[in-house]
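To start, the structure under review is shown below, and the notes come after it.
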Amino acid sequence: MIAKTQFSKNSAGMFFPRSGSLDLSGLWEFAFLPEGTPRTFDPAKLRFDLQVSVPGCFDLTPEYYLRRGTGIYRCQVEAGGEMELISEGLGLRGEFYWDGKQIATVDAPFSRRVIRFDAGKPGVHELLVAVNNEFDDSPSSLFRRDYDFYAHGGIYRKITMAPAAAVHADELKIIPVDPEKGTVRIAVKFSGAVSGLTQAEIRFDGQGESAILPLKDGIGDQVFQVPSPHPWSPDDPFLHTAEIQAGGETFSIEFGLRKVECRNGKLYLNGAPLKLIGCNRHDAHPEFGYAVPLDIRLRDLNRLKKAGMNCIRGCHYPQSEELLSLCDRLGILVWEESLGWGNNEAALTDPEFQARQIRETRNMAVKSVNHPSVIIWGFLNEADTAQEFARPLVKSLAETLHEVDPTRPVTFGSNRLTKDICLDLADVISFNTYPGWYGLEQDQFCDQENIRKHLAELAEFASRPEFREKPLLISEIGAEAIPGIYGGQRWSEEYQAELLETVVRHVLESDRYSGTFLWQFCDTRTYISNASQVRAGGFNFKGLLDRYRNPKISWRRISDLLKNNQNKEDQV
Ligand code: ADA
């Protein structure tokens, strides 16, 4: 059974929504090839003896729990002629087959792919998606076994199909110029049937006359006035819509009129100083892996907003359109980053790894550019940026993001801190640091003074002439707390709460810090032990919520702190 769906105007976060698209979410047939078996297969010889959900992670089904190998998903689709298939994200890698013929391969987890192919005669056809979650230990691997988050196998996000448009929208960017005046820069790149295409028509919010965007070789770039402009902000997340018509196709894009700036060492949003207080959030759940249902995402974000937090860091991979669209609608600010974690010299100097990082970072920016909630782009979390060999890739990634959209600041979470030699390449300085947990004093009870001293030292370092114009963030900080362990000692809920409260108070009081993303929103699945750490029961317990989103003491403590802080600000 294939659910047919039309994109409604308010469909959550569809990238270039097109009428007549088919959402292939639903029940698919499933066959499994265990780890080590050859990944070439004859579909006719496979045993499709299970039905599974798409989106879904096969390694969380009871039948294949935590297994590694190749999951082969099969469904029948009614289609014909030139088609466009959009895969929002899978892992760790995959191949797409149409009637047994390979039409695409995907070597990057969590990334969107637009696949155009000839579906042949109209009728019922077979779509096969083979996803593999075996570890690849080569230097070019994007998702390594020592990453501190679980490498799930599955179709993480939606697959949709639509008749391929004659004019392909490769890039549609709506970049605010002046939110108050309501001016936006519209930059488009079309391919396909573009010869003779001299213009696109632009219409805002379904009203008024269309405006003309001249095109040459499918490319156009011009500033427009939005009628009745209404700025976007966390407190008033108003979304405009632009319809872009070209070559008989209509592309409907939501956008928000907002401006993020770095000035005098601070972040500004729509001209007002911005203090980010929020969490690192893996888009994950212990029962669903990375195929997180809309309802869970919505509850997470509503809970975060209700607690008085205003941002998430989408650690450590490109976020789904659905999640970003929810953040647009709820007014939650986002640091989105491409996939990376602790990458060392072998990876950072590997030409294939570099090419993949640049390609996927660019893909992420092109995908996310119209989401007003995304205000910062990141990459290469905790790479070895204390070494010269890291500079070429860091520089290329920063340039790639600035080329897609010069209006958003770029950064990376550095755990090399004052030894980092790439901070000049970032617009924002972001430190991942764990005073009171790793490395520094490991006290039985929380040493607030030591934590404040460490944060003050980092702020002093970041106040040097070469850095003081750059905003400063603590992009990760926290402590493990096993749910139900009490008493104030390390690993207890009170220890975590006291540490996090010390951090948030310090950041709120600090003139130098533009904010912090606490590590982390909720407990997440990782491994009992891998190269870099041991994790009790295979979970990272630094969540302020447990894995099922039940609050620990720290969640309540931080929520109360932020509410009191907001009350004080309101009284000023
Ligand atoms: C690092 C890393 C996180 C997580 C964290 C921790 O900062 O970026 O993904 O592993 O440490 O819990 O130790």
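The values are calculated or read from the model by the stated rules, or taken from the named source; none is laboratory data. Not measured: the values here are computed from a predicted model. Glycine also receives a Cβ, built like all others from the backbone with ideal geometry; neighbour counts cover every protein chain displayed. Heads up: the accessible areas ignore ligands, DNA and RNA and are worked out on the full protein's heavy atoms, side chains in. Shrake-Rupley method; radii C 1.70, N 1.55, O 1.52, S 1.80 Å.
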Exercise. Rank-order 49-60, 502-513 by packing density, defined as the average count of other C-beta atoms within 10 Å over each peptide's residues, highest first.
Key: 49-60, 502-513
Quiz item: Non-local amide H neighbours of GLN387 (under 5 Å, H modeled in plane, Pro and chain starts lacking H): which ones?
Solution: ILE421
Exercise. If a/c stays under 1.5 just call it rounded; otherwise compare a/b with b/c (prolate if a/b is bigger, oblate if not). Do that for region 449-572, with a ≥ b ≥ c from the square roots of the Cα gyration tensor eigenvalues.
Key: oblate
Quiz item: Probe 1.4 Å, all protein chains in place: accessible area of GLU469 in Å², nearest 10?
Solution: 110
Quiz item: In sequence order, what are the phi-derived ³J(HN,Hα) couplings for region 510-519 according to the Karplus relation 6.51 cos²θ - 1.76 cosθ + 1.60 with θ = phi - 60°, rounded to whole Hz, with x for glycine and proline?
Solution: 7, 7, 8, 7, 8, x, 8, 10, 5, 9
Quiz item: Any idea what log10 I(q)/I(0) is at q = 0.22, 0.23 Å⁻¹ for region 45-129, Debye with uniform C-alpha scatterers and no solvent?
Solution: -1.20, -1.28
Self-check item: With eigenvalues of the C-alpha gyration tensor scaled by 5 and rooted, region 281-380, Å
Solution: 26, 15, 12
Quiz item: How long are the three semi-axes of the equivalent ellipsoid for the chain, computed from the Cα gyration tensor as the root of 5 times each eigenvalue, in whole Å, largest first?
Solution: 37, 31, 21
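Which trypsin sites (Lys or Arg not before Pro) in region 166-224 pass both tests, a DSSP loop state and at most 15 other beta-carbon atoms within 10 Å?
LYS181
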Quiz item: Under a 5 Å amide H to amide H cut-off, with H placed in plane at 1.01 Å, what residues pair with SER430 once short-range neighbours are removed?
Solution: PHE412, SER414, LEU473
Quiz item: So for the chain: antiparallel DSSP bridges make up what percent, rounded to the nearest 5?
Solution: 75
Self-check item: Within the chain: Cβ-based charge dipole about Cα centre, in debye rounded to nearest 20 (Lys, Arg +1; Asp, Glu -1)
Solution: 560
Quiz item: Separation of region 45-107 and region 165-208 by C-alpha centroid, Å?
Solution: 33
Exercise. Apply the Karplus parameterisation 6.51 cos²θ - 1.76 cosθ + 1.60, with θ equal to phi minus 60°, to every residue of region 490-500 and state each ³J(HN,Hα) to the nearest whole Hz, in sequence, with x for glycine and proline.
Key: 3, 6, 8, 5, 5, 4, 4, 4, 5, 5, 5
Practice problem: Give the whole-number value, in cubic angstrom per residue, of the convex hull volume spanned by the C-alpha atoms of region 97-185. | Solution: 193
Self-check item: Projected label distance in nm at ARG39 and ASP146, using a 7 Å step from Cα toward the beta-carbon
Solution: 2.3
Quiz item: Computed from the mean reciprocal separation of all distinct C-alpha pairs, what Kirkwood hydrodynamic radius does region 46-93 have, in Å?
Solution: 13.0
Exercise. Starting from region 430-470, pick out the trypsin sites (Lys or Arg not before Pro) whose DSSP state is loop and whose Cβ has at most 16 other Cβ atoms within 10 Å.
Key: ARG468
Exercise. Please give the calculated 222 nm ellipticity per residue for the chain, where each DSSP H segment of at least 4 residues contributes -39500 (n - 2.57) and the sum is spread over every residue; nearest 500 deg cm²/dmol?
Key: -6000 deg cm²/dmol
Exercise. Output the peptides 85-94, 428-437 sorted from most to least packed, where packing is the average of other Cβ atoms within 10 Å over each peptide's residues.
Key: 85-94, 428-437
Quiz item: Each residue of region 280-291 in order: what ³J(HN,Hα) in whole Hz does its phi give by Karplus 6.51 cos²θ - 1.76 cosθ + 1.60, θ = phi - 60°, with x for Gly and Pro?
Solution: 6, 10, 6, 7, 8, 8, x, 8, 10, x, 9, 8
Quiz item: Separation of region 550-571 and region 259-302 by C-alpha centroid, Å?
Solution: 17
Self-check item: Residues THR198 and GLN533, FRET efficiency given R0 of 60 Å [Cβ-Cβ distance, rounded to 0.05]
Solution: 0.55
Quiz prompt | Ranked by how many other beta carbons lie within 10 Å on average, peptides 116-129, 63-76, 158-171 from highest | solution = 158-171, 63-76, 116-129
Quiz item: Given N residues in region 297-456, what is Rg(Cα) / (2.2 N^0.38 Å)?
Solution: 1.11
Quiz item: Cα-Cα pairs above 16 Å in region 282-323: how many percent?
Solution: 35
Quiz item: So, in Å, what gap is there between the alpha-carbon centers of region 439-494 and region 319-366?
Solution: 26
Quiz item: What nm value, rounded to one decimal, do you get for the distance between GLU171 and VAL223 when each label is placed 7 Å out toward the C-beta?
Solution: 1.9
Quiz item: For the pair SER138 and LEU330, how long in nm is the line joining their label points, each one 7 Å along Cα→Cβ?
Solution: 3.9
Quiz item: Among the listed pairs LYS216/LYS395; LYS395/LYS563; LYS121/LYS158; LYS305/LYS542; LYS305/LYS568, which are separated by more than 28 Å between their Cα atoms?
Solution: LYS216/LYS395; LYS395/LYS563
Quiz item: Which residues' amide hydrogens lie under 5 Å from the amide hydrogen of VAL167, considering only partners 5 or more residues apart or on another chain, with H built in the peptide plane?
Solution: ALA193
Quiz prompt | Bins of 10 Å from zero: percent of alpha-carbon pairs in region 168-211 | solution = 22, 47, 27, 4
